[in-house]
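See below for the structure under consideration.
Each value in this text was obtained by applying a stated rule to the coordinates, not by laboratory testing. In this text the structure is predicted, and so the values were computed from the model without any measurement. Because the Cβ atoms are built from the backbone with ideal geometry, glycine has one as well, and the counts that use them run over all protein chains shown.
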Amino acid sequence: VDLGLVYTVQTRDDVVDVEMTLTTPACPAGPEILRNAVAALEKVEGVSKANVKLVMSPPWSADRMSDEARDELGMF
């Protein structure tokens, strides 16, 4: 979230729908990031199912990062 990868989160009863992106379409960690997002969401109390959709529009940019993430990564 601090990196600006999560675009939308919607809930329907006990189901969570998330649209997120990656820093690049060819990110080698992409499949693992998506699996980890689903696993983390489904551990949240009251969530029985998480649907994480990968989107590439709008493209990610460093402008989407939180100030805290920029500071931690040394980006000014």
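Once the Cβ-Cβ distance between residue 75 and residue 47 is put in as r, and R0 is 25 Å, what FRET efficiency do you end up with, to the nearest 0.05? Approximately 0.20, to the nearest 0.05.
Using R0 = 25 Å, the C-beta based FRET efficiency linking residue 35 and residue 14 works out to 0.80. Out of these labelled values of Rg and Dmax of the Cα atoms in Å, (i) 13.8, 52; (ii) 13.3, 40; (iii) 13.0, 38, which was calculated from the coordinates shown here? So the structure-derived entry is (ii). Length available on full extension from residue 57 to residue 7: 0.36 nm per residue minus the Cα-Cα distance, which gives 17.0 nm. For the chain, the Cβ-based charge dipole about the Cα centre amounts to some 320 debye (Lys, Arg positive; Asp, Glu negative; other atoms uncharged).
Our note on the geometry: Cα centres of region 1-16 and region 56-76, 18 Å apart.
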